[in-house]
């Protein structure tokens with residue numbers, strides 16, 4: 001026996017098949033090369049790239065005839081190796097964040113997406129820990 005459809009209410013007639021708020025955020029489709037260029041620019045600036053461009057810096061600290069690519073614990077000096085370390089750690093963090101996002105959005109399967117997410121989290125945590133250690137070495141006179 002067929003059942004009759006119940007009458008729709010005024011609310012259902014007015015808002016019909018709309019779900020949620022009834023509007024969507026605009027979708028911006030950027031070219032991947034533009035996104036990569038913005039990421040490289042942001043990491044370059046965050047890693048101390050402007051300081052390297054405008055101030056004469058040492059590539060490393062030299063003591064006698066030995067060259068040490070270390071991070072000096074003075075706030076007045078910055079070496080090229082210190083900036084490169086910061087940039088490498090920042091790139092690792094961005095890569096880890098992207099892997100986490102890609103692993104969570106991946107429709108491939110449960111195992112590959114779990115592995116991507118786990119490796120991304122490990123990269124992100126290792127990058128943050130390395131940046132924190134670099135921060136503590138650089139700002140040790142303040143503590």
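Would you list 111, 65 from fewest to most Cβ contacts within 10 Å?
65, 111
In plain terms, the residue of 130, 140 with the fewest other Cβ atoms within 10 Å comes first and the most crowded comes last, giving 140, 130.
What fraction, in whole percent, of alpha-carbon pairs in the range 87-137 exceed 13 Å separation?
Working: 692 of 1275 pairs.
Percentage above 13 Å: 54.
Here 138, 7 are placed in order of increasing Cβ neighbour count within 10 Å, fewest first, which gives 7, 138.
All of the numbers you see were taken from the coordinates with simple rules; none came from a lab. Nothing here was measured: the structure is a model prediction, and the numbers come from that model. For neighbour counting, all protein chains shown are included, and Cβ atoms are generated from backbone atoms with ideal geometry for every residue, glycine included.
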